[in-house]
Amino acid sequence: MTERSGSPSNSHAAVSLRGISKIFDDVTAVDNVDLDIADGEFFALLGPSGCGKTTTLRMIAGLEIPSAGSLQIFGEEVGPLPPNKRPVNTVFQNYALFPHMSVEDNVAFGLRMRKVDKAETARRVAEAISLVRMGGMEARRPAQLSGGQQQRVALARALVNRPKVLLLDEPLAALDLKLRQEMQFELKQLQREVGITFVFVTHDQEEALALSDRIGVMDGGRLLQVGTPEEMYDAPVDRFVADFIGRSNFLHGTLENSTTVCLSNGDRINVPVVDSDVIAVGDAVQVSLRPERVMVCDPHEVPEGHARLQGRVATVTFLGNSIVYHVQLDWMTVVVETDHRPDLRRRAVDDDVALWWRDDAIAVVRP
Amino acid sequence: MLIFLYAPIILLVVYSFSASRIPGQWGGFTSEWYVKLFEDPRIQRTIGVSIRVALVSTVISTMLGTMSALALERFKFRGKRVFDALLYLPIIIPDVTMAVMMLMFFTQAFDLLNLVFGIGLSKGFATIVVSHIAFNIAYVSVVVRARVAGMDATLEQAASDLYASRWQAFRYVTLPLIAPGVLGGALLAITLSLDDVVVTQFVAGPGSTTLPVYVFSLIRKGVTPTINAVSVIMLVASLILVAGSVGLQRASAARGRQQLRTTGGK
């Protein structure tokens with residue numbers, strides 16, 4: 001698997017996956033994943049539904065046993081251990097609060113199962129409840145709480161055990177938009193406060209970009225790329241990653257050498273240096289061109305030394321703060337997004353235009 | 001319509017208090033049949049047997065039925081579908097068939113045991129209990145399964161994520177949540193056990209007869225006011241059990257609705 005940012009080098013990553021696979025009957029849900037998550041990191045597993053991200057999380061939790069590979073938590077092999085023998089706790093997607101217990105009993109459950117003494121339990125439960133700002137609600141049943149409050153109780157119920165790693169399965173998916181944004185902020189704050197490694201699964205790229213220190217994008221059971229949100233956006237190595245995180249145009253071509261791509265229309269363009277471990281010279285590649293990084297100008301006005309594409313404006317869409325042009329080239333259509341500002345000339349349908357970009361504004365990706 | 005349904009019940013209750021020896025003839029009010037009933041040692045004995053059979057078979061069949069319901073709802077295993085289908089057989093099979101099956105089984109089994117170990121076993125309390133367990137497991141399992149199916153399996157995963165062992169997860173999470181189903185199943189089992197005539201008649205031995213079987217044998221000698229009285233007592237007992245079972249299910253359904261309302265409303 002490919003990682004632009006080298007995996008953390010300390011010997012005991014919080015979570016370390018080596019060659020982890022999970023096969024259900026004859027479906028390979030997770031396919032040979034290698035991943036290191038550093039201590040104290042806020043890590044997102046991002047991907048569409050069915051990509052294997054939840055299965056990966058459940059293997060870390062112990063709710064699924066890997067079919068192959070090694071899974072370590074702080075250097076300790078936990079592959080075949082049941083969930084109750086692992087130093088991790090999970091916040092489930094539907095929260096899975098016990099409906100027959102009060103908020104307080106829900107939060108105390110883990111400590112009681114581990115036979116922590118009563119005074120200590122009471123102290124830690126009160127602490128956890130106040131950490132998630134649920135004071136005064138101790139006697140309520142889960143059914144009497146709103147979605148956001150249930151979410152907080154689920155967090156408290158997990159954090160009270162002081163896990164080494166907290167796993168969150170689509171923690172915000174069940175909340176409405178406004179609450180989701182509030183909870184995003186709270187989650188991030190909470191993670192800083194408690195300093196525990198958070199691993200969370202989401203299909204929402206914005207959530208992943210906003211919350212995490214690093215993101216791993218999965219598709220079809222494979223981990224395609226791992227990196228910081230900026231790396232994932234600026235330098236995707238796989239078309240799927242470029243397409244899933246943000247939007248992009250893809251120009252087909254062939255990698256001629258580590259800094260040159262020959263596009264399928266015959267043009268040669270300069271590209272940021274391509275790691276030969278990721279894509280070999282001579283491979284078919286695609287060049288990812290973010291709509292907001294493409295400049296539009298009159299034909300022949302492209303600044304010296306930049307690649308250019310000639311085309312004609314096919315549609316103009318006004319979006320308030322920006323304008324989206326579909327520019328028809330003779331071999332493909334490119335989507336361009338420009339700011340809507342008085343100093344930028346607005347193009348009309350059928351205008352002849354040239355498109356250009358800075359060499360470092362694009363990324364070469366596997367098709 | 002209702003006359004067909006309730007007139008016999010009313011007649012039964014009324015004539016159980018009639019002073020006349022001939023059933024169906026009013027001879028003034030008396031409770032003498034009830035007194036006689038409780039003074040009759042045979043009836044006392046059979047009531048005792050009935051209650052003991054009902055309690056033992058209910059406890060065991062509730063445990064086994066709950067276990068099989070959990071196994072069928074929560075686990076995947078080889079032969080699950082076959083087991084599932086077989087479990088429902090006692091509900092479908094006619095009572096008489098069930099009775100003949102059990103009788104043959106016990107006869108053969110006892111013969112074999114006698115042959116191999118030289119133990120001379122005979123029909124009696126134990127054979128009745130085993131037969132009742134055999135048909136009750138199916139009913140309990142059906143009732144409990146409905147409840148287990150309605151319970152979110154991630155709750156058990158959450159318990160185990162929070163350091164609960166399998167047993168603790170069952171004890172503190174699963175059992176409290178399926179308890180209304182288990183109790184409902186137990187009440188159904190106790191009712192079926194107290195009411196059963198056909199199967200019990202085949203597998204009962206000398207000296208261990210249940211109340212319904214004894215009443216049935218009395219009828220062959222003609223209907224007496226005592227039988228009326230016994231019937232009324234059995235009717236009342238059944239009604240109480242059924243009312244209890246319905247009440248439990250109502251209560252748990254109401255709780256479920258309330259939960260839906262409070263979560264849905266916010």
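The values are calculated or read from the model by the stated rules, or taken from the named source; none is laboratory data. Just so it is clear, the structure is predicted and the values come from calculations on it, not from any experiment. Positions of Cβ are backbone-derived with ideal geometry, glycine not excepted, and every protein chain shown enters the neighbour counts. Note: accessible area is taken over every heavy atom of the protein model, side chains too, but ligands, DNA and RNA are not part of it. Shrake-Rupley method; radii C 1.70, N 1.55, O 1.52, S 1.80 Å.
Each residue, B:LEU2 and A:ASN32, gets one label point 7 Å from its Cα in the Cβ direction; the gap between the two is 7.6 nm.
Helix by helix through chain A, keep the DSSP H runs that span 20 Å or more along the axis on Cα and average at least -1.0 on Kyte-Doolittle, and give those back in order.
Details: long enough: A:177-194 (25 Å, -0.96).
In chain A, the long hydrophobic H runs are A:177-194.
Maximal additional length on extending the B:THR97-B:ILE51 stretch stands at 14.1 nm, based on 0.36 nm per residue less the C-alpha distance. Compared with the dominant principal axis of the Cα atoms in chain B, helix B:2-15 is inclined by about 50°. Summarising the label geometry, the points placed 7 Å from Cα in the beta-carbon direction at A:VAL281 and B:VAL13 lie 10.1 nm from one another. In summary, the lysines within cross-link reach of A:LYS178, defined as a Cα separation below 26 angstrom excluding same-chain residues under 8 places away, comprise A:LYS53, A:LYS188, B:LYS266. The stretch between A:GLN189 and A:CYS297 holds 34.5 nm of extra length on full extension. This uses 0.36 nm per residue minus the Cα-Cα distance. The calculated 222 nm mean residue ellipticity attributable to helices in chain A amounts to -7000 deg cm²/dmol, summing -39500 (n - 2.57) over DSSP H runs of n ≥ 4 and dividing by all residues.
Sorted largest first by accessible area at a 1.4 angstrom probe radius, with every protein chain in place, the residues B:MET67, A:MET183 fall in the order B:MET67, A:MET183.
May I ask you to list the lysines whose Cα is less than 28 Å away from that of A:LYS115, ignoring any residue fewer than eight positions away on the same chain? Excluding near neighbours in sequence, the set is A:LYS85, A:LYS164. The length gained by stretching the chain between B:ALA153 and B:MET63 to full extension, at 0.36 nm per residue less their Cα-Cα distance, is 30.4 nm. Working from label points 7 Å from Cα in the Cα-to-Cβ sense, the B:PHE110 to A:THR315 distance is 8.6 nm. For the segment A:91-99, counting C-beta atoms of other chains within 10 Å of every residue's C-beta and taking the mean gives 5.
Considering only beta bridges that DSSP places wholly inside the protein assembly as shown, some 75 percent are antiparallel.
Placing a label point 7 Å from the Cα of A:GLU182 along the Cα-to-Cβ direction, the residues of the range A:144-159 with a backbone N closer than 20 Å are A:144-157.
Residue order by solvent-accessible surface for A:MET101, A:MET218 is A:MET101, A:MET218, largest first, with ligands and nucleic acids left out and a 1.4 Å probe.
For chain B, what is the calculated [θ] at 222 nm in deg cm²/dmol (nearest 500), taking -39500 (n - 2.57) for each run of four or more DSSP H residues and dividing by its residue count?
That calculation yields -26000 deg cm²/dmol at 222 nm.
For the pair A:GLU76 and B:PHE216, a Förster radius of 56 Å applied to the C-beta separation gives a FRET efficiency near 0.25, rounded to the nearest 0.05.
Cα centroids of the range B:125-140 and the range A:87-122: 40 Å apart.
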